[in-house]
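The structure under discussion appears below in the form of structure tokens.
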8 protein chains.
Amino acid sequence: MNWKIYLSGEIHTNWREEIEQQVKVLDLPVEIYAPVTDHASSDDCGVSILGAEEDKFWHDHKGAKVNAIRTRTLIEKSDVVVVCFGEKYKQWNAAFDAGYASALGKSLIIMHGPDHQHALKEVDAAALAVTRTPKEVVNVLSYVIRGEL
Amino acid sequence: MNWKIYLSGEIHTNWREEIEQQVKVLDLPVEIYAPVTDHASSDDCGVSILGAEEDKFWHDHKGAKVNAIRTRTLIEKSDVVVVCFGEKYKQWNAAFDAGYASALGKSLIIMHGPDHQHALKEVDAAALAVTRTPKEVVNVLSYVIRGEL
Amino acid sequence: MNWKIYLSGEIHTNWREEIEQQVKVLDLPVEIYAPVTDHASSDDCGVSILGAEEDKFWHDHKGAKVNAIRTRTLIEKSDVVVVCFGEKYKQWNAAFDAGYASALGKSLIIMHGPDHQHALKEVDAAALAVTRTPKEVVNVLSYVIRGEL
Amino acid sequence: MNWKIYLSGEIHTNWREEIEQQVKVLDLPVEIYAPVTDHASSDDCGVSILGAEEDKFWHDHKGAKVNAIRTRTLIEKSDVVVVCFGEKYKQWNAAFDAGYASALGKSLIIMHGPDHQHALKEVDAAALAVTRTPKEVVNVLSYVIRGEL
Amino acid sequence: MNWKIYLSGEIHTNWREEIEQQVKVLDLPVEIYAPVTDHASSDDCGVSILGAEEDKFWHDHKGAKVNAIRTRTLIEKSDVVVVCFGEKYKQWNAAFDAGYASALGKSLIIMHGPDHQHALKEVDAAALAVTRTPKEVVNVLSYVIRGEL
Amino acid sequence: MNWKIYLSGEIHTNWREEIEQQVKVLDLPVEIYAPVTDHASSDDCGVSILGAEEDKFWHDHKGAKVNAIRTRTLIEKSDVVVVCFGEKYKQWNAAFDAGYASALGKSLIIMHGPDHQHALKEVDAAALAVTRTPKEVVNVLSYVIRGEL
Amino acid sequence: MNWKIYLSGEIHTNWREEIEQQVKVLDLPVEIYAPVTDHASSDDCGVSILGAEEDKFWHDHKGAKVNAIRTRTLIEKSDVVVVCFGEKYKQWNAAFDAGYASALGKSLIIMHGPDHQHALKEVDAAALAVTRTPKEVVNVLSYVIRGEL
Amino acid sequence: MNWKIYLSGEIHTNWREEIEQQVKVLDLPVEIYAPVTDHASSDDCGVSILGAEEDKFWHDHKGAKVNAIRTRTLIEKSDVVVVCFGEKYKQWNAAFDAGYASALGKSLIIMHGPDHQHALKEVDAAALAVTRTPKEVVNVLSYVIRGEL
């Protein structure tokens, strides 16, 4: 069985690459999914494909909906959803994804630094593992898939 | 992962072929589904296989139900449902499919010309992308699957 | 038990009033739901409440979404969804509602004149009763609720 | 029919009271739900009832889970979920609730000021109405419930 | 709490009346549902309301669908579905109802005489109680509702 | 895509073999499922594997439950459920399967001779095709899968 | 809104009465459900109503199924399921109920003494509150319903 | 079709290996899943990967949640869930898994010795087969998959 892992959240550090690399080194049977992580593409995909908008709200709206085709589909196909909260920005879409995945009954793994502990308590409470580093995420995945520490 | 795309609606222009061809050129990992698009077969399949009916209502009824075995099954298996509204006819089955797919939580892409904008506002409001051409549909699919503009 | 009946579709004739009146005369235990049937309110509710839009598409979009709060909620609460197709207009929202209700497993009653028989064959095939007049709709409701012809 | 409305998010301004008051003035048939909005109670409920924790993580964890009994139950019972994002704090639980409600198919109304427009684009894209003030929220509710502008 | 009990199957003996009467004597908090049990009405409701059919198949078809509005709605609302198999006829609709209720997760109580034991083994295997008389059905209902033998 | 077809009902004629053979000739992409059709095995599997029972009811009960592991699993995996009613016996398990499949939203094809038309009207009313011969069943499958008459 | 609370597990101490009494004192808007707690009735209900069995397995089987009509129905109707593990016996039905309620998405409150902490770790991990006394259970209920400590 | 079989419960005897070996000998098309059966790893996985806890409750809690990522995912993917109750320990997680699988509609096979018959009556009543040995489990699997005794 191939495990399907969705990596949601933070797009300004290379945590996804770290996880993908370590997963490859361990040869874990996983299929890794992610949102579009190129910031500019993600912001402009709607107007780029479907035509410009004068109003910034609709500019963003069109893009967010096109991105939702990808994110909703992939989250729904996943077994485990990992959500990373970085140091900066509001990252409401990360928390939205966590809530969405939680209501679908997906296994949630949350990753964040100690500074965000209190602010993320409701999100953490919905998770099956709260981690701090990509290494910890990979160790959890390796254990639950391989069954060995 | 192979994305499953259902192409519903209009059967009198070659929009499906255009999408299929461009998808092939781009080598997108998709499986494309469609209803029976041969008008005569679609109309007469019921009586042709299961016996003639004198009453036109039951003639149509038998055919519509046989076609439903195909359309419901394939829509339920799809990740994305594209619904095209052409220039002519009532096309209520297209709108029915859009409603059906929407209630199942499928990602909807609607395609229609500017003339139908007002009449399709409820359908468009349920969609994640409103497009005008097969090219735009393919660009949306390419972006959400490949993750690149 | 109170039966919940949603009356979808056509808003330019008084078919809803006829059904409501006859249901009252028969004293049937029903709660009747409907979309907003005032054409102008339905078209303009979005911009009227949430601010004007220059682009007609977004004008319509805002309104259609606000109306969807009402229609989706009430369709989901209904036991029976009656969809009436009138003589004029595209009425794609009626067919969309029929598809939406069908996917939710609601009992569908369709009402339309003989002219639309062929164009509505897929919608009729999903229905448990195809009727021509409000009187027939009420007779079906009365029979299934009271259990007497 | 009584509409059930859940008011999620911001707990440091009186937006809930404004909505409740206006709803009462309009005599709308609604039942209004909310999380515990007393900040200290919400933070300390876990340890206060179930025993102290030395580690802040588990202190918060216990409280967040007890609060989840209330929030999940009430969100699941609601027809409409209103989520307000205020000026301050991370408010990840608000975005989590929005994602949770969205996956359950609830009608979402989002409320926030113009500053947060870009950061909330994914959340707004999942909503059926994006509002700026309690007055707008009440106007939407009044319209979808009463059917009149 | 009011328990909702659907009484499916056999329409040629007075087993429903016996159950209803005993339930009333015991003052059990139940709401009892049933299909239309007047054989002629049940057979002819379709053509009587919606117009005659020359072909017996469609005559029956129209009626069966109209009856389904009642039976499906009430079975879905029920907590317990009691299905009685009598001495005569094929009673395939009774077995269909049992399968339908079983797939919906309803608690099934089956009632039949000893002669049908082998033929009903698959149906009995899906039941939580297999009974022989209305008295036994009522005793089961009384026990599970009141909690006393 | 491989279509999954479950063949339920009648086990005393070779209708399943006829369908399988014709499907092979046509090279249709289907996976065909069926219950255990060896009458003796089906009757005795419970006691044969899990120990004898003195009481015939429990003898049958054990077997029916073991068989249910197979039938429920395979029906749930199927896209289309074909149910054949033969000339003899009560065949309540066939009707039970039809009801079960119907509640799961599977596409139903019913097969029976003209004698059973009236007795099967409720079952037929839940079907998308009512057929008389294995040839007709295969023609329906070929059409809905291949899209050609 | 009335909260529905199911009290599962231990039947040899008076913890349910304590909870019911304190809930009454606090005048909490709850409806309290429970299994049959009379040990003899619970063991013998099957044979008492439906006829004696020689084999102890079937004696127990009949009773367990009749009891399941009550327990499954009430757990499915509940908002919160409280499961108490006492000092004695295997109490596998309590753990079964906890698993059943958990898969249905019910809010779980577990109650047990410190001795069982390690053995119940998987059950506790699925709960939103782990309590030691009826007083704690009531305090949790009071807080989540009233919103005040 | 590959059948997916989850083996839950007892981790101190080699019943899983026996089943796996016999299944291999018979060349049954099955994929076998299991929880982590190394007792120490299972107990300590949480703290080992995610950091030590002083409090034994949270030590266990962290581990139980990490294990739940594996067990919930694999149970949800399974067609048949086999639960073995051994001679020793409370084994509440086994009963929890049985309840969880039952609510998801999985086919349950229970395995236990005669001593536990009465204590497991509610669990057995939810099962489709109650077995005593790995040999019996394999015989049931072989029969339902191969269709031959």
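The values are calculated or read from the model by the stated rules, or taken from the named source; none is laboratory data. Note that this is a predicted model, so its numbers are computed, not measured. Cβ atoms come from the backbone with ideal geometry, glycine included; neighbour counts cover every protein chain shown.
Under the condition of being within 12 Å of chain A (Cβ to nearest Cβ), over 28 Å from G:Ala101 (Cα atoms) and within 11 Å of the chain's Cα centre (by Cα), the residues counted in segment D:68-89 number 2. All of (1) at the interface with chain D (Cβ under 10 Å from one of its Cβ atoms); (2) crowded, with 21+ Cβ neighbours inside 10 Å; (3) of a type outside the set (A, V, I, L, M) hold for A:Cys45 with one exception: (1). Looking only at segment D:132-147, decide whether some residue is within 14 Å of chain A (Cβ to nearest Cβ) and either on the phi > 0 side of the Ramachandran plot or surrounded by fewer than 23 Cβ atoms within 10 Å (Cβ to Cβ) (or both). Yes: segment D:132-147 contains one or more residues that are within 14 Å of chain A (Cβ to nearest Cβ) and either on the phi > 0 side of the Ramachandran plot or surrounded by fewer than 23 Cβ atoms within 10 Å (Cβ to Cβ) (or both). Looking only at segment C:125-136, which residues are more than 18 Å from B:Asp43 (Cβ to Cβ) and part of a loop (DSSP other than H, G, I, E, B)? Once the filter is applied, which keeps residues that are more than 18 Å from B:Asp43 (Cβ to Cβ) and part of a loop (DSSP other than H, G, I, E, B), segment C:125-136 yields C:Ala127, C:Leu128, C:Arg132, C:Thr133.
Filter segment C:1-10 down to residues that are in a loop (DSSP other than H, G, I, E, B) and at pLDDT 95 or above and give me whichever is nearest to C:Ala95 (Cα to Cα). Looking at residues that are in a loop (DSSP other than H, G, I, E, B) and at pLDDT 95 or above, I get C:Glu10. As a summary of the residue check, F:Tyr89 satisfies the conditions (1) at pLDDT below 95; (2) among the aromatic types (Phe, Trp, Tyr); (3) buried (at least 23 other Cβ atoms within 10 Å of the Cβ) except for the one numbered (3). Within segment E:90-99, the presence of a residue that is among the charged types (D, E, K, R) and more than 9 Å from chain F (Cβ to nearest Cβ) is excluded.
A quick yes/no check of all residues on (1) surrounded by 21 or more Cβ atoms within 10 Å (Cβ to Cβ); (2) within 9 Å of chain H (Cβ to nearest Cβ); (3) under 30 Å from E:Glu136 (Cα atoms); (4) touching a Leu at 6+ places or on another chain (Cβ under 9 Å):
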site: G:Gly51; (1), (2), (3), (4): no, no, yes, no
site: G:Val66; (1), (2), (3), (4): yes, no, yes, yes
site: G:Gly105; (1), (2), (3), (4): no, no, no, no
site: G:His112; (1), (2), (3), (4): yes, no, no, yes
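Screening A:His59 against (1) farther than 22 Å from D:Ala64 by Cβ; (2) facing another protein chain (nearest Cβ under 8 Å); (3) over 13 Å from the mean Cα position of the chain (by Cα) leaves a single unmet condition, (2). So, B:Glu18, is that one more than 11 Å from every other protein chain (Cβ to nearest Cβ), charged (D, E, K, R) and free of Cβ contacts under 8 Å to residues at least 60 places away in the same chain or not? No: the conditions fail for B:Glu18. Counting the residues of segment F:1-23 that are touching a strand residue (DSSP E or B) at 6+ places or on another chain (Cβ under 8 Å) and among the acidic types (Asp, Glu) gives 2. So which residues in segment E:1-55 are farther than 29 Å from G:Ile75 by Cβ, touching a Cys at 6+ places or on another chain (Cβ under 8 Å) and among the aliphatic types (A, V, I, L, M)? Across segment E:1-55, the qualifying residue is only E:Val36. Among the residues examined, G:Asn93 qualifies as closer than 26 Å to H:Ile110 by Cβ and of a type in the set (S, T, N, Q). If only residues of segment E:21-35 that are buried (at least 19 other Cβ atoms within 10 Å of the Cβ) and of a type outside the set (A, V, I, L, M) are counted, the one that is nearest to E:Trp3 (Cα to Cα) is E:Tyr33.
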